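See structure below.
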Amino acid sequence: MIIQINSSQPPHGTLFFKRPSKSIAQRALACAVLAQGNSQIIGAGNSADVLTAINICRSLGSKVHLEEEKLIVEPNKNERLYQQLNCRESGLCLRMFSPIAALSSSKTSIFCDRTLAARPHNFLQIMMRDCGVQFLSRDDQWPLEFKGPLHRKHIEVDASISSQHVTGLIFAFSSIESQTETSILLIDPVSIPYIDLSLDILKNFGIHVVRNGTEIIIPASGKMLANVIEVEPDWSSASCLLAAAAISGNVKLMGLKALSKQADAAILKALEVFGAGIEMDTIIPAVRVFKKECKPIEFDASDCPDLFPALVAMCSVANGKSTLHGANRLHHKESNRALALQEEFLKFGVKILISDNTLEVYGNENLLNPGIIDTHQDHRIAMACSAAAFRSKGQVEIHHAEVVDKSYPEFFLDLQLLGADIRSLGGL
């Protein structure tokens, strides 16, 4: 699909922002399949990653059905037989559900799409082997095949590339009854806010895990209890709408919670440094962002790497050099996100230098070049380039724009609801 964006009409207005956090929804589904009793997950949404998580829950023997906007999850009460899990393009599903599947002594086969298979997973396999899981496939062979059961134990875990497998292990350990508490020691951890989000969700299922710095303490209980979870709106998806507003618009998102434990709520700090106008209502709740100043920024996105594309879009229109730290988190996403951002923003006339763990963005307060953008099959590249397009000299075409379905299927429709001039030119 090709989307054409006309820069003469940037987004302005109020939107009831309903795009749910797929990070919360997927984690809630994982807990629900381990809990005792039927759980309800309200407003999980229809993103590709959430649909993948639902199918994995069913593959694990749980019954999942939709009643209005509520997902009812009835866990499997029997010993799981041979199970095949298709994680498609969801790295979180792969890393989180693998330890959960390994609770069973039956054979499990993990499938995924080509680009996810090409990303590193050896840290996941090392962690699971340390917990007694037997891998039947070679390290570089797909599908991943293994047999449990996974055992609860004191363990050190390499968390230098991702924290998603740590979440899976915490959830799996929390469902195993033990005589004593168990500790997980994180080595060089990244994305600590995502671990804290997982612990916050786990509280809803009756398990109170404590994090002391890099040590995670899991209580002995092992009894996860069913609950009702309402999924809050997604800061990751909102970030590019807010970036577009800061660049060239005025947008109020109703329902977006400023006081959120989502890692990507950190976009508010970046917007403040950038000089954007910001108004927050914590009672309704709502967040309004509008163009005011566009100043170069220095920002550490190590713990919120999904914000990089939105931050680059903002920095592209700030006159001078912006420095974004944590760039080594970009190499193993849906694309090599650092290189993809460098290539596509050069088309706008913006130079990006990749140096060690930083991106240096040399922005330009003048209008950006129009042109044709390739999404690199990456949903966040598509959304960030769309945000930047509102400061271009003319029309910008986003090719393969359908990739936004992974996280935010209605992204372009919401921009239209905010008054932006966006047209679909059909397929390629």
Expected sort for 214-227, 273-286 on mean C-beta neighbours within 10 Å, highest first, is 214-227, 273-286
Rg and Dmax of region 150-259, Cα atoms only, in Å: 17.3, 58
Cut-off 20 Å (backbone N to label point 7 Å along Cα→Cβ of residue 8), residues of region 391-427: 391-398, 415-425
For residue 62, other-chain or 5+-apart residues with amide H closer than 5 Å (H placed, Pro excluded) are 76
Backbone N within region 1-34 under 13 Å of label point (7 Å from residue 367 Cα along the Cβ vector): 6-10
Taking 51 Å as R0, compute the FRET efficiency from the Cβ-Cβ separation of residue 111 and residue 356 and round it to 0.05. 0.90
So, by mean Cβ neighbours within 10 angstrom, what's the order for 122-129, 88-95 with the highest one leading? 88-95, 122-129
Give me the percent of DSSP beta bridges within region 266-344 that run antiparallel, rounded to the nearest 5. 60
Starting from the 7 Å offset along Cα-to-Cβ, what nm value, one decimal, do you get for the label separation of residue 336 and residue 139? 2.1
Taking all pairs of distinct alpha-carbon atoms in region 282-377, Kirkwood radius in angstrom: 14.0
Give the order of 297, 354, 187 when sorted by the count of other beta carbons within 10 angstrom, beginning with the fewest. 187, 354, 297
Report Rg (one decimal) and Dmax (nearest whole number) for region 20-152, counting Cα atoms only, units Å. 14.3, 43
Compactness summary of region 4-48: radius of gyration and Dmax from Cα atoms, Å, are 16.9, 55
Given 25 °C and 0.890 mPa s, compute D for the chain with the Stokes-Einstein relation, Rh being the Kirkwood radius over Cα pairs; round to the nearest whole µm²/s. 112
Could you tell me the extents of region 84-239's C-alpha atoms along the three principal axes, largest first, rounded to whole Å? 43, 37, 32
Write down the percent of antiparallel bridges among all DSSP beta bridges whose residues are both part of the chain, to the nearest 5. 70
May I ask for the distance between the Cα centers of region 367-381 and region 50-111, given as a whole number of Å? 34
Peptides 198-208, 173-183: what's the order by average Cβ count within 10 Å, highest mean first? 198-208, 173-183
Difference of contour (0.36 nm per residue) and Cα-Cα distance, residue 230 to residue 210: 4.9 nm
What value in Å³ per residue do you get for the convex hull of the alpha-carbon atoms in region 309-428? 95
At 222 nm, what value in deg cm²/dmol follows for the chain if DSSP H runs of at least 4 each add -39500 (n - 2.57) and the sum is divided by all its residues, to the nearest 500? -9000 deg cm²/dmol
For residue 155 and residue 393, extending 7 Å from Cα along the Cα-Cβ vector and measuring point to point gives, in nm, a value of 5.6
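Each value in this text was obtained by applying a stated rule to the coordinates, not by laboratory testing. The structure presented is a predicted model; accordingly, all values stated were derived computationally and were not measured. Every residue, glycine as well, gets a Cβ built from its backbone with ideal geometry; the counts of neighbours run over all protein chains shown.
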